[in-house]
Amino acid sequence: MENKIVKCLIIGSGPAGYTAAIYASRANLEPVLYEGLEPGGQLTTTTHIENFPGYPNGVTGVQMMEDLKNQALRFNADIRFGIVTSVDLSKRPFRVTVDGRHTLEAETVIIATGATAKYLGLESEQLYRGMGVSACATCDGFLYKGKDVAVVGGGDTACEEATYLSTLCRKVYMVVRKDHLRASKAMQNRVMETPNIEILFEHTTEQVLGNEAGVNGALLRNAAGENVVIDIDGFFLAIGHHPNTELFKDFLEMDETGYIKVEPGTCKTNIDGVFAAGDVKDPIYRQAITAAGSGCMAALECERFLMEQ
Ligand code: NDP
């Protein structure tokens, strides 16, 4: 058990967590931040971010997260590598275990654990995970240089990933279950105008095909109920995310899909002293800038809460 009670414990290292750390450290809350399974969060798996204010020429997700982390470090935030494995939010100080062995107590907790990519739930998809199946084009795209790949989904993520892959791969199929894309018009136009992207509307995936060397195709079904086989080496999922809130389900109120409920217009959860920021509580906007904004709010609310104690 760590000797000193942490004033402000931040769980998660995306834009919400790092922004909370910047604000909390500047307010002398001496925040401790645990980075979690994916330091930097989801944005480290995205390509170019062009809509975050302050970067007129755009920035990579990895660079932006490094910038945010360095900014928090500049104000002496205690940023640690480690995964929070259990929490007890039943009474204050709250108790948190890291990596299954290190325990510490905290006066307040800011949860910024983000969200994780969804998979289709096919057995073959799991079989070839890491052998051609991926939910992160930016991480794995370079493995498919000059090859043919598929991206499943019709949202902004799918369009972004398809566009990125089109710069590396020979051909990119987009497998879209509806007869239209859900992505913003700008993203739709971008994929439509890219010659080596072919959109397969009203197609669903029945099976990912492969052998011991990995993925070599996908069996799809079209609107007429016919089987369609595409030859591909990479199969990328881009069908949305689910919030990383399992750790907190015994303590915090959540909606039916697991997003943490907060008091409207705040980051306050149903437990005094526990705040939620970023994608864990936001099924609607899910943007880096909104996550950062709520990280700021959570830190300010945390500061006020501690002052009132
Ligand atoms: P979305 O929920 O917007 O889209 C998910 C896509 O996957 C939809 O086309 C959906 O189809 C499809 N899908 C879901 N489940 C399945 C399934 N089981 N089988 C086949 N297809 C499936 O998720 P995104 O990750 O694309 O975007 C999330 C949010 O983040 C959005 O608000 C988006 O605008 C935002 N975003 C913004 C970016 C930017 O501004 N640069 C970049 C990326 C995301 P259907 O339409 O039929 O439901």
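Under the rule a/c < 1.5 gives rounded, and otherwise a/b versus b/c splits prolate from oblate, where does segment 119-237 land using the Cα gyration tensor?
In terms of gyration-tensor shape, oblate.
Between L143 and E50, take the C-beta separation as r, use R0 = 25 Å, and let me know the FRET efficiency to the nearest 0.05.
The pair L143/E50 has a calculated efficiency of 0.50.
Using 7 Å Cα-to-Cβ label points, what is the L73/R177 separation (nm, one decimal)?
4.2
Hey, can you grab everything whose amide H is under 5 Å from the amide H of A238? Only 5+ residues off in sequence or another chain; H modelled, so Pro and N-termini drop out.
It is V152, by chain and number.
Nearest 5 is fine: what % of DSSP beta bridges in the chain come out antiparallel, could you say?
Expressed as a percentage, antiparallel bridges in the chain total about 45.
Kirkwood Rh, segment 184-309, all Cα pairs: how many Å?
By the Kirkwood definition, the hydrodynamic radius is 18.5 Å.
Which pairs break 24 Å Cα to Cα here: K4/K91; K69/K185; K185/K281; K118/K261?
K69/K185; K185/K281
So between L219 and E263, what do we pick up on full extension, going 0.36 nm a residue minus the alpha carbon distance?
11.3 nm
So what are the ³J(HN,Hα) numbers for segment 243-258, from phi and the Karplus equation (6.51, -1.76, 1.60; θ = phi - 60°), rounded to whole Hz, Gly and Pro as x?
Once rounded to whole Hz, the list reads x, 8, 10, 4, 4, 9, 5, 7, 10, 9, 6, 9, 7, 5, 9, x.
If you count only protein heavy atoms with a 1.4 Å probe, what accessible area per residue comes out for segment 119-237, rounded to a whole Å²?
50
Hey, rough spin-label estimate for M131 and D231, points 7 angstrom out along Cα→Cβ, what's it come to in nanometres?
In this crude label model, M131 to D231 measures out at 2.1 nm.
Just T204, T269, T113 to compare: in a GNM of the chain, with alpha carbon springs under 10 Å, which one fluctuates most?
T204
Take the Cα of R26, step 7 Å along the line toward its Cβ, and report every residue of segment 60-77 whose backbone nitrogen sits under 20 Å from that point.
64-77
Each label point is 7 Å from the Cα along the Cα-to-Cβ direction; what then is the distance between the points at D272 and T60, in nm?
With each label point 7 Å from Cα toward Cβ, the separation is 4.7 nm.
Along segment 110-126, what does the Karplus equation 6.51 cos²θ - 1.76 cosθ + 1.60 (θ = phi - 60°) give for ³J(HN,Hα), rounded to whole Hz, x for Gly and Pro?
Values per residue, Gly and Pro as x: 10, 8, 9, 8, x, 9, 10, 5, 8, 10, 6, x, 8, 4, 5, 5, 5 Hz.
Which of these, K268, K171, K91, has the largest mean-square fluctuation under a Gaussian network model of the chain (Cα springs below 10 Å)?
K91
Taking a ≥ b ≥ c as the square roots of the eigenvalues of the Cα gyration tensor of segment 39-88, is the shape rounded (a/c under 1.5), prolate (a/b larger than b/c) or oblate?
Here segment 39-88 falls in the oblate category.
Relative to the compact globular guide of 2.2 N^0.38 Å, what is the alpha carbon radius of gyration of the chain, as a ratio?
Rg over 2.2 N^0.38 Å, computed on Cα atoms: 1.08.
Would you work out if segment 9-150 is rounded, prolate or oblate? Take a ≥ b ≥ c from the square roots of the eigenvalues of the alpha-carbon gyration tensor; rounded if a/c is under 1.5, else prolate when a/b is larger than b/c, oblate otherwise.
Judged from the Cα gyration tensor, segment 9-150 comes out oblate (a/c at least 1.5, b/c at or above a/b).
Using only Cα atoms, tell me the angle between helix 61-74 and the longest principal axis of the chain; keep it within 0 to 90° and round to the nearest 10.
So the inclination is approximately 10 degrees.
Please identify the GluC sites (Glu not before Pro) of segment 121-229 that satisfy two criteria: DSSP loop assignment and at most 12 other Cβ atoms within 10 Å. Which are they?
Here the sparse-neighbourhood loop sites are E193, E212, E226.
Can you send over the carbon and sulfur percentage of the accessible area for the chain, probe radius 1.4 Å, protein chains only?
Carbon and sulfur together cover 49 percent of it.
Please report, in debye to the nearest 20, how large the charge dipole of segment 119-237 is about its Cα centre when each Lys and Arg carries +1 at its beta carbon and each Asp and Glu carries -1 there.
280
Compute the angle between helix 156-166 and the longest alpha-carbon principal axis of the chain, please, reported from 0 to 90 degrees and rounded to the nearest 10.
Roughly 60 degrees between the two axes.
The values are calculated or read from the model by the stated rules, or taken from the named source; none is laboratory data. The shown structure was predicted, so the numbers you read here are calculated from the model rather than taken from an experiment. When we count neighbours, we look across all protein chains shown, and the Cβ atoms used for this are built from the backbone with ideal geometry, even at glycine. Side chains included, ligands, DNA and RNA excluded: accessible areas come from the protein's heavy atoms. Shrake-Rupley method; radii C 1.70, N 1.55, O 1.52, S 1.80 Å.
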